[in-house]
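For reference, the structure is listed below as structure tokens.
Here, each number is a calculation from the coordinates, and none is a lab measurement. As the structure is a computational prediction, the values presented were derived from the model and not from experiment. Cβ placement follows ideal geometry from the backbone for every residue including glycine, while neighbour counts extend to all protein chains displayed.
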Amino acid sequence: MAKTVVILGGSYVAISTAHRLLKTTLPKVNDLKVVLVSPTTHLYWNMAAPRAVLPTGFSDDEVFQPIAPAFANYPKGSFTLVEGKAESVDPEEHKVVVSTSSGQQTYSYDQLVVATGSSFAHGLPYKQMGSYKDTLESLHDLRKKITDAQSIALAGAGPTGVETAGELGYEYGEKGKKITLITDSEIVLPGLMESAGKAAEKELEKLHVQIVHNTRVTNATPKDSQTELTLSSGDKLLVDLYIPTVGVTPNTSFLPKDLLDERGNLRVDKYLKVESATDMWASGDVTNAQVKQFVYADKQIPHLTKNLDAVLSGNPGDVSEYQKDDKIVQAVPLGRSKGTGQMGSYKLPSLLVWALKGRNFLTPKLKKFVASGTV
């Protein structure tokens, strides 16, 4: 009797998990069937979004790659790509209801992997927006707004906000556009060591980015073609374009509420199995396992697939605990030639950040990743 694994999501985790099961488990479990349910036909290399949102950043082909061709060479019948969005999951009946262009369809599973990732709270293309078309249109729309704007304000000075501010400053700082970064912290990059934040501020100032500290945007009101920002200081700021870079939410609205924590994250145990459910696994941004960051998801994927392989191969005793490594690993490019960051207790040198990430945001690895499931 065929064993069916349904994987929900068009994320890094979903695509890598599908590849790993087909490469490693299928040769041992020849009746294995992998069904990948993805709302998008293309993987979006969203880690490059801070540069991709600029008209002079990356081309569409550098940050999007079609999913289906990468799975064409697996044995016939072993893999199915369903373009659709999960609407509900019944853990007791082992069924998933999926909305597709031809209507709702129900899929039964022996094992379920939830890898639906997260969304950017303000509907900006820093994450997948749903379908490939929707994400592409959102990206193009923001590029046009950036081109037309003479004043741009960003709220939030985490890595996404700082990287975007650096890209904008590098491209437009000396060309007359006014770039303002608003943060409610004493220094940018509050999640990293102070020296990394100070290094970022020094470079941003060189790129003509104005930083407003200890301030929140309490309201954003459209004013004709501009936006009026009300600040916690009581001041008003009128800008051509407002980019809020705060707020990431897990894509879990289709799941039973009793499986989620208070923040909407899917609760997983030390094996990356979903708590209070059987034959259900999860990894990446959708879970409460670790910080929502690619570096952690990338470590979870091989462990998740190893445990799945053990169960599917009839060796459930080989399922092992996921060993977390929560040391901070964050590289933050600042424009096209500088950067800062932290690895453990060490501040990353600017040149190393440029070499590892700032040159191209790892975009040359996109095709290989989609084709093989590994970076």
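Based on the inverse mean of 1/r over its pairs of different Cα atoms, what is the Kirkwood hydrodynamic radius of the range 132-246, in Å? Present the calculation step by step, with values, prior to reporting the outcome.
Working: mean 1/r = 0.0692 Å⁻¹.
Answer for the range 132-246: a Kirkwood hydrodynamic radius of 14.5 Å.
Taking a label point 7 Å from the Cα of Tyr346 along the Cα→Cβ vector, which residues of the range 184-212 have an amide N closer than 20 Å to it?
Label zone hits: 192-200.
When we measure straight from the Cα of Lys133, which lysines land under 21 angstrom away, once same-chain ones fewer than 8 places off are left out?
Excluding near neighbours in sequence, the set is Lys85, Lys144, Lys145, Lys367.
Got a sec to turn the phi values of the range 112-129 into Karplus ³J(HN,Hα) couplings, 6.51 cos²θ - 1.76 cosθ + 1.60 with θ = phi - 60°, whole Hz, x for Gly and Pro?
Once rounded to whole Hz, the list reads 10, 10, 9, 9, 7, x, 9, 10, 7, 4, 9, x, 9, x, 8, 9, 4, 9.
Using Cα pairs under 8 angstrom and six or more residues apart, how large is the relative contact order of the chain, in percent? Numbers along the way, then the final one.
Values: 795 pairs, mean separation 71.0, N = 375.
Relative contact order, the chain: 19 percent.
In terms of Cα to Cα distance under 14 Å, which aspartates and glutamates are near enough to Lys33, apart from those fewer than 8 places away along the same chain?
Qualifying aspartates and glutamates at Cα under 14 Å: Asp110, Asp309.
Per-residue counts of other Cβ atoms within 10 Å, averaged by peptide: what ranking do you get for 171-180, 339-348, 308-317, highest first?
Packing order, densest peptide first, comes out as 339-348, 171-180, 308-317.
Counting residues in the chain as N, plug N into 2.2 N^0.38 Å and put the Cα Rg over that result.
Working: Rg = 21.5 Å, N = 375, 2.2 N^0.38 = 20.9 Å.
Here the Cα radius of gyration is 1.03 times the empirical estimate.
Going by a ≥ b ≥ c, the root eigenvalues of the Cα gyration tensor, does the range 61-139 fall in the rounded group (a/c under 1.5), the prolate group (a/b larger than b/c) or the oblate group? If you can, show how the numbers build up before the last one.
Numbers: a/c = 2.11, a/b = 1.30, b/c = 1.62.
Because a/c hits 1.5 or more and a/b fails to exceed b/c, the range 61-139 counts as oblate.
Report for the chain the percent antiparallel among DSSP-assigned beta bridges with both residues inside it, nearest 5.
Percentage antiparallel, nearest 5: 55.
How much FRET efficiency would the formula 1/(1 + (r/R0)^6) give for Lys236 and Ala72, where r is the Cβ-Cβ distance and R0 is 56 Å, rounded to 0.05?
Values: r = 56 Å, r/R0 = 0.99.
Efficiency for this residue pair is about 0.50.
Just to check I understand the Karplus step: with θ = phi - 60° and J = 6.51 cos²θ - 1.76 cosθ + 1.60, what whole-Hz values come out for the range 295-309, glycine and proline as x?
In residue order, the calculated couplings are 4, 7, 4, 4, 7, 6, 4, x, 6, 4, 6, 5, 5, 4, 4 Hz.
Determine which lysines satisfy two conditions relative to Lys347: a Cα distance under 28 Å, and not lying fewer than 8 residues away in the same chain.
Lys127, Lys198, Lys202, Lys206, Lys292, Lys299, Lys324, Lys327, Lys338, Lys357, Lys365
Only Cα pairs within less than 10 Å get springs; with that Gaussian network setup on the chain, which residue of Ser99, Ser151, Ser232 has the largest fluctuation?
In this elastic network of the chain, the residue with the biggest mean-square fluctuation among Ser99, Ser151, Ser232 is Ser232.
In the range 254-336, what is the volume of the convex hull around the alpha carbon atoms, normalised per residue and reported in Å³?
Values: hull volume 10.5 nm³, N = 83.
Value for the range 254-336: 127 Å³ per residue.
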